[in-house]
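Here the structure comes first, spelled out in structure tokens, and everything after it is commentary.
What follows draws every value from the coordinates through simple rules; no lab data is involved. None of these values were measured; they are calculated from a predicted model. Note that we place each Cβ from the backbone using ideal geometry, even for glycine, and neighbour counts take in every protein chain shown.
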Amino acid sequence: MLCYFVSIPQTVLIIQIGFLLFNLKVGWRESIMASVFIGLAAYILPRLPLIPGVHTIVLIFTTALIISWLGKVKVIYSLISVLCGAMIMGVTENIVMSFVLKLISRSVNELFLHPWLNIAVFMPTLLCGGLILWLVQRHDLVLYDLSTKGIYN
């Protein structure tokens, strides 16, 4: 169960990075509330008999719906932002986790056996995600400005 808690800070970063890149404002309160719910869902979903990969799709769509509701943003723009944030964090996690596992001579299979290892290996990913968020904020990076499109409900 412990290893599912990494999904909470990861979801916060997905939301904040994704929405900032589209110049949409979603508060930290909304991000944290949605992330806690997604953390609970991330704990429950793997126990359901779903095709591999469907869990991730369900979590992304659920995140988009919750943030759309909490942040009063149209669902399509929430989905675009969450997908972008998830893609950025997914690539970051893949690169960092591969590097860290190689550095400490561990395999991906050991992450399932030792939950504490999953959390320890996630810390560099969290730092990199935080750095990306800081860079996006600091340099006002915007992929496409959706704030001028009248997208708020």
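General observations
- For the range 72-111, the tally of residues that are at negative phi, of a type in the set (S, T, N, Q) and more than 12 Å from the chain's Cα centre (by Cα) stands at 5.
- Scanning the range 3-13 turns up no residue that is in a loop (DSSP other than H, G, I, E, B) and not acidic (Asp, Glu).
- Cys128 in contact (Cβ under 8 Å) with a residue 40 or more places away in the chain, surrounded by 15 or more Cβ atoms within 10 Å (Cβ to Cβ) and not basic (Lys, Arg): no
- Selection of the range 1-50 for residues being β-branched (Val, Ile, Thr), buried (at least 17 other Cβ atoms within 10 Å of the Cβ) and within 20 Å of Thr125 (Cβ to Cβ) yields Val6, Ile8, Thr11, Val12, Ile14, Ile15, Ile17, Ile38.
- From the options Val75, Val108, Val100, residue that is surrounded by fewer than 16 Cβ atoms within 10 Å (Cβ to Cβ), free of Cβ contacts under 8 Å to residues at least 40 places away in the same chain and over 23 Å from Asp145 (Cβ atoms): Val108
- Whichever residue in the range 54-71 is under 14 Å from Gly18 (Cβ atoms) and within 13 Å of the chain's Cα centre (by Cα) and, among such residues, is surrounded by the fewest Cβ atoms within 10 Å (Cβ to Cβ): Phe61
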